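K.L.:
One structure follows; several queries about it will come next.
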Amino acid sequence: FAPAGRSCHDTGVILGKAMLAACAGGDGFTMFDITDLTNPQVLYSTSIEGVTTGHSAAFSWDGEVAVFGHEPAGGVGARCQATTPEVDRTMFFYDARAPVELGRFVFERFQGPTENCTLHNYNVVPLKKGGDVLVHGSYQSGTGVIDFTDPANPVEIAWSDPPPEPVP
């Protein structure tokens, strides 16, 4: 489909009642209504200040929340330090049907100057008791689990953070 002026690095899709697709790329993402799979319609396209490389898109299981992540420094830079701009260590939560930001998760397990880190490559996990949880892989900052049941107040509830690799 036509990405409304933005390249798609990654596309998240949810079928069922939601029938949505999100194209993450460039400085934000584009949301599509895919009720007619042969003729997707753009719902909206939004840019996020400070984002340069849109990387990942996903949805809550009910399709009401879109999750957007980016990859500052191309994934090879140490972008999770205390001195790193907040936007570079942020995951964004949006209303899936309108360009309304619902909340942000800001990574605060600060890493060292040789540890490449970016919040991307994630997936939403189905839960028997409801709620919204995703697991992210973030290079040398390890893996984390974020509860975004309340997208205005997402919380990292678990993680593994390997020790820094020695610099050759």
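K.L.:
I need the full set of residues from the range 103-120 which are within 22 Å of E49 (Cβ to Cβ), over 13 Å from the mean Cα position of the chain (by Cα) and crowded, with 16+ Cβ neighbours inside 10 Å, in order please.
P.N.:
C117
K.L.:
Let me ask something else. Would you point out the residue of the range 96-120, among those that are at pLDDT 95 or above, in a loop (DSSP other than H, G, I, E, B) and not hydrophobic (A, V, I, L, M, F, W, C), that is nearest to W61 (Cα to Cα)?
P.N.:
R97
K.L.:
Also, I was wondering about something else. Looking at the range 37-64 only, could you name the residues that are loosely packed, with under 14 Cβ neighbours inside 10 Å and either part of a loop (DSSP other than H, G, I, E, B) or in contact with a Cys (Cβ under 8 Å, 6 or more places away or on another chain) (or both)?
P.N.:
Listed by number, the residues that qualify are L37, T38, N39, E49, G50, D62.
K.L.:
Which one of T84, T38 is farther than 25 Å from I157 by Cβ and polar (S, T, N, Q)?
P.N.:
Only one candidate qualifies: T38.
K.L.:
Is at least one residue of the range 19-36 β-branched (V, I, T), open to solvent by 70 Å² or more (accessible area, probe 1.4 Å), farther than 17 Å from G137 by Cβ and without any contact (Cβ under 8 Å) to a residue 60 or more places away in the chain? Lay out the reasoning, then the answer.
P.N.:
In the first step, residues of the range 19-36 are kept if they are β-branched (V, I, T); the result is 30, 34-35.
Then drop every residue that is not open to solvent by 70 Å² or more (accessible area, probe 1.4 Å), which leaves 35.
Next cut, farther than 17 Å from G137 by Cβ only: 35.
Next, only the ones that are without any contact (Cβ under 8 Å) to a residue 60 or more places away in the chain stay: 35.
Yes, the range 19-36 contains a residue that is β-branched (V, I, T), open to solvent by 70 Å² or more (accessible area, probe 1.4 Å), farther than 17 Å from G137 by Cβ and without any contact (Cβ under 8 Å) to a residue 60 or more places away in the chain.
K.L.:
I need a count of the residues in the range 121-162 that are of a type outside the set (G, A, S), within 14 Å of A78 (Cα to Cα) and either exposed (fewer than 15 other Cβ atoms within 10 Å of the Cβ) or within 17 Å of the chain's Cα centre (by Cα) (or both).
P.N.:
Within the range 121-162, residues that are of a type outside the set (G, A, S), within 14 Å of A78 (Cα to Cα) and either exposed (fewer than 15 other Cβ atoms within 10 Å of the Cβ) or within 17 Å of the chain's Cα centre (by Cα) (or both) number 1.
K.L.:
Oh, and also: Part of a strand (DSSP E or B), in contact (Cβ under 8 Å) with a residue 40 or more places away in the chain and under 14 Å from the mean Cα position of the chain (by Cα): does that describe V67?
P.N.:
It is true that V67 is part of a strand (DSSP E or B), in contact (Cβ under 8 Å) with a residue 40 or more places away in the chain and under 14 Å from the mean Cα position of the chain (by Cα).
K.L.:
Turning to a different aspect of this structure: Somewhere in the range 77-95, is a residue under 14 Å from the mean Cα position of the chain (by Cα), under 26 Å from G131 (Cβ atoms) and part of a loop (DSSP other than H, G, I, E, B)?
P.N.:
Narrowing the range 77-95 to residues under 14 Å from the mean Cα position of the chain (by Cα): 87-95.
Going one step further and asking which of them are under 26 Å from G131 (Cβ atoms), we end up with 89-95.
Subset that is part of a loop (DSSP other than H, G, I, E, B): none.
There is no residue in the range 77-95 that is under 14 Å from the mean Cα position of the chain (by Cα), under 26 Å from G131 (Cβ atoms) and part of a loop (DSSP other than H, G, I, E, B).
K.L.:
Which residue pairs have Cβ atoms closer than 6 Å, lie 6 or more positions apart in sequence or on different chains, and pair a first residue in the range 73-88 that is more than 17 Å from G28 (Cα to Cα) with a second residue that is among the charged types (D, E, K, R) and open to solvent by 30 Å² or more (accessible area, probe 1.4 Å)?
P.N.:
Partner pairs satisfying both residue conditions: none exist.
The values are calculated or read from the model by the stated rules, or taken from the named source; none is laboratory data. The structure displayed is predicted, hence computed values, not measured ones. Because the Cβ atoms are built from the backbone with ideal geometry, glycine has one as well, and the counts that use them run over all protein chains shown. We work out accessible area using only protein heavy atoms, side chains counted, and drop any ligands, DNA or RNA first. Shrake-Rupley method; radii C 1.70, N 1.55, O 1.52, S 1.80 Å.
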